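The values are calculated or read from the model by the stated rules, or taken from the named source; none is laboratory data. In this text the structure is predicted, and so the values were computed from the model without any measurement. Please note: Cβ atoms are built from the backbone with ideal geometry, for glycine as well, and neighbour counts cover all protein chains shown.
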Amino acid sequence: MFFMFKILQKRVFSPIIKEFVVEAPRVAKKCEPGQFVILRIHEEGERIPLTIADFDREKGTITIVFQEVGKTTMQLGAMEAGDYIKDFVGPLGEPSHIENFGTVVCVGGGVGIAPVHPIARALKEAGNEVIGIIGSRNKELLFWEDKMREVCSELYVTTDDGSYVRQGFVTDVLKEIVADRGKENIALVLAIGPQPMMKATCGTTKELGLKTVVSLNSVMVDGTGMCGCCRVSIGGETKFVCVDGPEFDGHDVDWAELTRRGSIFKQEEQRAIENHKCQCGCGGDK
Amino acid sequence: MTENKKPKKEIIPVKNPMPAQDAQERARNFNEVALGYAEEIAVAEAKRCLDCKKQPCRQGCPVEVDIPAFLNLVAERDFDGAIKKIKEKNALPAVCGRVCPQESQCESYCTLGKKHDPVGVGRVERFCADWELQKGVITPSVEGSTGKNVAVIGSGPAGLTCAADLAKKGHKVTIFEALHVAGGVLMYGIPEFRLPKDVVQAEVENLKQLGVDIEVNSVVGKATTVDELLEEEGFDAVFIGTGAGLPYFMKIPGENACGVYSANEFLTRTNLMKGYKFPDWDTPIKIGSKVAVIGGGNVAMDAARTALRLGAAESWIIYRRSKEELPARAEEVEHAEEEGVKFDLLRSPVEIIADDNGWVTGLKCIKYELGEPDDSGRRRPVAIKGSEYTMDMDTVVIAIGQGPNPLVPRTTKGLELNKKGNITADLETGATSKPGVYAGGDVVTGAATVILAMGAGRKAANAIHEYLGSKK
């Protein structure tokens, strides 16, 4: 039995944020909110982790949303419906812990809105009142407002530059909600997004004494606990994001270490992008 | 009857040397170090076999290759016959001829070896396998289908051997591999310069010719479980050969600094992902000018030698016992020394020092001396108080061993494990505490060698064959 990972559908949210629906029946059969896949586009390609944004067990499909930040995501973004992704493995990592907590605030920043969605939906199905906050740098980079509205009883939208709905960070909105509702009426905060956003959210909630779960996106190779590349200190103990996470108590995360480890291959990533760019001066890709 | 009554063969005391790339040159490239015997040398080496009656070499082979028989065939220049003879017992001769520790197995029992160099069994085996790969492999015959399905989890040496044996006996075998390519440690761990990946893939291809299906990108324990394979997916038996893929760290300060790798990460980036070809290949590997590899096993040697090839100016092995106790093969230690790897023995790191940006700048070590022998029979290293010193380093590779990956054991109901998390299995049959489920290789024994894993795969295949026969 050999699976081909066909891109069935492609949507372009902005020039750098794209959504694929991928045929991956084995992954779709078993995955739960919070888990991730690792993919590789071609023979010479690297393995990159992407959190599962949605899944359809009957159709055997997985939805991924990604932002083009490096060579691999740029190449991925250039693929079209009908193309095949060479390798697509999952579900990896531990699923989100879902139970009826009461009221949960789900915060999605930038491309992190995508993985928040299935978790918010599962939380709602488990009986929680789900309040959503989604934010991005500007209007162009915002997506899935409609999908999030379906699973949240209240949804707040914010943009860093004020180009849509309101100006401000997700933490500004979060503070207002807590002030409005009272912190004793909020059981849990879930925050997924760029590291500075998750770190800032945890800073805010730590002051408020609100338990906060974050989903970390580390550099990985195998994603099955074999290489330890994704290791991070959680409450002073080394954990592997790939098998122990990707979700952790945000107040226990050593953010400085995580940021440092995330930048280990920055120079190489830059070199890969430059190498990928067409050398003729047209500004396009190879 | 004594051996003396046989016609005496001429004793040729010295083993034919293995042609190899020049040490200085090879230390900077990833091409294979050992170049292999030419035909004439292989024949000459095979002729060194005394053809003694007791054939003690055979007890040294975990997969029971009929060594004197294949050496005889090579001596007669019947290379077809020789490789056929080897393959009766060994599904991966091109791999074994390269990475088996023959000096502690077949060759250590060799009668000639009592007074002289033993016959170079591994080198002749490699010649036969390469000779066949070059001219095109003839697929061995497969027995008629039994209608039984076996799932093999993991495509390392244990899984590949088990799969090959079961396929030859007529069972339908599907291998589930978590990574994107089959071969396990042969692909991600052992470097290209010791075991070219094309050779591994050629052996994997031979397996497919036997009718074995290989499903890559399939993580058992996540996408499916052993219980589901048995209950829902129609498999009659399962073999677990998931190896020792979980890297151990030392739990010393600074271990999460930038520039510290587990040996698994360092080797996987380089071998499996071809990091040495970056940026033509996409996966980067970063190497500093001074590299410290902690540990003294084959994996540590591989990492230290890889570091030189990636461009490190200095590559150090830091090991807490003395040279005598190095667990690596003598040949690997010798190769590493020739290539310029430096050894700092009777030392152990206590801290990895990093700069303000979190990058490794040094390694603080403590000196050891050897005390009384411990459980392993080796003299126990004892730290010398106050002997700490610091070495400048910018890359550190931790190669102190690996444990079993818990993904499969954790998700399989009724599977007994030991304290270290290894699967408890009968060493003669691979039978686990769960009916129909067998295990072998590093996931049972802890990190060991390719050939021991293959031996375990072989034994389990026999036991599974028997089990399937007894099942209605």
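Numbers at a glance
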quantity	calculated
Residue in segment A:206-217 that is within 20 Å of B:A257 (Cα to Cα) and either at pLDDT below 95 or not β-branched (V, I, T) (or both) present	yes
Residue count for segment A:119-132, restricted to those that are crowded, with 24+ Cβ neighbours inside 10 Å and closer than 20 Å to A:E19 by Cα	2
Residue list for segment A:177-210, filter: within 16 Å of A:G108 (Cα to Cα) and of a type in the set (D, E, K, R)	A:K199
Selection from segment B:313-329 of residues that are of a type in the set (A, V, I, L, M), assigned to a loop (DSSP other than H, G, I, E, B) and touching a Gly at 6+ places or on another chain (Cβ under 7 Å)	B:L326, B:A328
Total residues in segment B:401-439, condition of a type outside the set (A, V, I, L, M) and closer than 20 Å to B:S104 by Cβ	1
Conditions (1) surrounded by 20 or more Cβ atoms within 10 Å (Cβ to Cβ); (2) under 19 Å from the mean Cα position of the chain (by Cα): number failed by B:D198	(1)
Checking A:G102 against (1) in contact with a helix residue (DSSP H, G or I) (Cβ under 9 Å, 6 or more places away or on another chain); (2) without any contact (Cβ under 8 Å) to a residue 60 or more places away in the chain; (3) small (G, A, S), the condition it does not meet	(2)
Members of segment B:189-213 found to be within 14 Å of chain A (Cβ to nearest Cβ) and out of contact with any Lys or Arg (no Cβ under 9 Å at 6 or more places or on another chain), listed by number	B:G189, B:D198, B:Q201, B:K208
Test: A:L123 is within 15 Å of A:V65 (Cβ to Cβ) and of a type outside the set (D, E)	no
Any chance B:C128 is crowded, with 17+ Cβ neighbours inside 10 Å and either touching a Phe, Trp or Tyr at 6+ places or on another chain (Cβ under 8 Å) or among the aromatic types (F, W, Y) (or both)	yes
Residue in segment A:10-55 that is nearest to the other protein chains (Cβ to nearest Cβ), counting only those that are assigned to a strand (DSSP E or B), in contact with an Asp or Glu (Cβ under 8 Å, 6 or more places away or on another chain) and not aliphatic (A, V, I, L, M)	A:R40
Some residue of segment A:127-134 being in a loop (DSSP other than H, G, I, E, B) and assigned by TED's automatic domain parsing to the domain that holds A:L155	yes
Single condition B:V74 does not satisfy, out of (1) part of a loop (DSSP other than H, G, I, E, B); (2) among the β-branched types (V, I, T); (3) farther than 23 Å from B:A164 by Cα	(1)
Residues that are in contact with a Leu (Cβ under 6 Å, 6 or more places away or on another chain) and of a type in the set (V, I, T), drawn from segment A:227-272	A:V232, A:V241
Some residue of segment B:321-330 being at pLDDT 95 or above and of a type in the set (D, E)	no
Output for segment A:156-182, where each listed residue is in contact with an Asp or Glu (Cβ under 7 Å, 6 or more places away or on another chain) and surrounded by fewer than 19 Cβ atoms within 10 Å (Cβ to Cβ)	A:Q167
Condition met for A:L76 (under 20 Å from the mean Cα position of the chain (by Cα), within 13 Å of chain B (Cβ to nearest Cβ) and assigned to a strand (DSSP E or B))	no
Selection from segment B:132-161 of residues that are in a helix (DSSP H, G or I) and closer than 22 Å to B:E64 by Cβ	B:E132, B:P157, B:A158, B:G159, B:L160, B:T161
Candidate set from segment A:81-113 (those that are in a loop (DSSP other than H, G, I, E, B) and among the aliphatic types (A, V, I, L, M)); member that is farthest from the other protein chains (Cβ to nearest Cβ)	A:A81
Where A:K124 falls short, out of the listed (1) over 22 Å from A:K211 (Cα atoms); (2) part of a helix (DSSP H, G or I)	(1)
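Yes/no per residue for (1) among the hydroxyl-bearing types (S, T, Y); (2) in contact with a Leu (Cβ under 8 Å, 6 or more places away or on another chain); (3) under 22 Å from A:V243 (Cα atoms):
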residue	(1), (2), (3)
B:I175	no, yes, no
B:L186	no, yes, no
B:E192	no, no, no
B:L195	no, yes, no
B:A202	no, yes, no
B:L210	no, no, no
B:N217	no, yes, yes
B:A223	no, no, yes
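To keep it simple, each residue is scored yes or no on (1) under 30 Å from B:H180 (Cβ atoms); (2) under 20 Å from the mean Cα position of the chain (by Cα).
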| site | (1), (2) |
| --- | --- |
| A:Y156 | no, yes |
| A:G162 | no, no |
| A:Q167 | no, no |
| A:K175 | no, no |
| A:D180 | no, no |
| A:L208 | no, no |
| A:V214 | yes, yes |
| A:M220 | yes, yes |
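Yes/no matrix, rows are residues, columns are (1) of a type in the set (A, V, I, L, M); (2) buried (at least 22 other Cβ atoms within 10 Å of the Cβ):
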residue	(1), (2)
A:L50	yes, yes
A:D54	no, no
A:I64	yes, yes
A:K71	no, yes
A:E80	no, no
A:K86	no, no
A:P91	no, yes
